[in-house]
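S.K.: Take a look at the following structure, please.
The values are calculated or read from the model by the stated rules, or taken from the named source; none is laboratory data. In this text, all values refer to a predicted model and were calculated from it rather than measured experimentally. FYI the Cβ positions are ideal-geometry reconstructions off the backbone, even for glycines, and counts take in every protein chain you see.
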Amino acid sequence: MGSRLLPLVLATAALAAGAVGLEGLALWLGLLTVPAAAAAAFVAVSDTLEGRPVRLRAVTSGLALVLVVIASAARGNAPTGHAASPFATWGLVFALLAYGVPFLTWLLEPLRVPKPVRAQRRLQPAEVDELLSRAA
C-alpha cells in the first residue's frame with residue numbers, strides 16, 4: 001500500500017513553492033504529485049471494490065487527483081518568467097481541502113448519534129401456528 005500522506009505533502013510543498021515565487025520548483029513538485037495522487041486514488045478505489053468502507057476516501061482522492069492534474073497543467077502552460085495562473089494555485093488549494101475531508105469526518109465521527117436499535121418481537125407459538133396454517 002502506498003502512502004496517503006505523500007501526495008498531501010507534495011501538494012503542500014508545491015503550493016508553498018509557488019507562493020514563495022519558486023515557479024520552477026513548484027512545477028516539478030506539482031508534476032511529482034500527480035503519480036503519487038494517482039497511486040493513492042487507485043489504492044482507495046481498489047479498497048472500495050474489495051468491500052472496505054472507504055468510499056469517501058476514494059471519492060476525495062479521485063477528486064484531488066483531478067485537481068492536481070488541472071493545477072499542474074495550468075502551471076506548466078504558464079509563460080516563462082511570469083506567475084502561474086490562478087487555476088494552479090486554486091487547484092492545489094482545493095486538492096488539499098479534498099485530502100482533508102476524510103480527516104475531518106474522522107474527527108467528527110465520535111459526535112455522530114447512533115440510531116437506536118429496535119428489538120424485534122418474538123412470535124408466540126400460537127402466532128407461528130396461525131402463520132403456518134395460512135401459508136399451507
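S.K.: Residue by residue through segment 92-136, note down the ones that are charged (D, E, K, R) and in a helix (DSSP H, G or I). Before you say what the answer is, go through the steps one by one.
M.R.: Step one: filter segment 92-136 for residues charged (D, E, K, R), giving 109, 112, 115, 118, 121-122, 127, 129-130, 134.
Once the filter is applied, which keeps residues that are charged (D, E, K, R) and in a helix (DSSP H, G or I), segment 92-136 yields E109, E127, D129, E130, R134.
S.K.: Basic (K, R), surrounded by 14 or more Cβ atoms within 10 Å (Cβ to Cβ) and closer than 19 Å to R4 by Cβ, is that true of R57?
M.R.: yes
S.K.: Determine whether A64 is small (G, A, S), closer than 20 Å to F103 by Cα and at pLDDT 90 or above. Lay out the reasoning, then the answer.
M.R.: Values: small (G, A, S): yes; closer than 20 Å to F103 by Cα: yes; at pLDDT 90 or above: yes.
For A64, the condition - small (G, A, S), closer than 20 Å to F103 by Cα and at pLDDT 90 or above - is met.
S.K.: Under 7 Å between Cβ atoms, at least 6 apart or on separate chains: pull out the pairs that start in segment 21-32 with a residue that is free of Cβ contacts under 8 Å to residues at least 12 places away in the same chain and end on any residue that is surrounded by 15 or more Cβ atoms within 10 Å (Cβ to Cβ) and not in a loop (DSSP other than H, G, I, E, B).
M.R.: L25/A17
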